[in-house]
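Each value in this text was obtained by applying a stated rule to the coordinates, not by laboratory testing. Model, not experiment: these values are computed from the prediction. Cβ: placed from backbone, ideal geometry, glycine included. Neighbour counts: every protein chain shown.
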Amino acid sequence: MLPLVIQGKCEALWPIFRISHPRSRYIYDLFYRIRKDISKELYEFCLDQDYADRNLITKWKNVRCLSFISFELGAKTDEVDLA
């Protein structure tokens, strides 16, 4: 039997996040990263039925776009000789 540990509000939700996060990441990877292995209709269905967290996936999309933009800007500034 597990010992009784007093948990805060956030700590009580961690087991749920540990399940939800990989499931959302799997659906994100299937649609955006791996050759679009699922259709847009199936992707939208998964989001509508709460199989994946729409807000978390939106955050990953924004981070992906920002990292691409910073990579592109970094490549362009490397070509310019500032001396």
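Here is how the numbers come out for the structure above:
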item: Cβ-Cβ FRET estimate between F17 and E41, R0 fixed at 25 Å, reported to 0.05; result: 0.35
item: Full-stretch length increase - D29, K9 - with 0.36 nm per residue and alpha-carbon distance subtracted; result: 4.2 nm
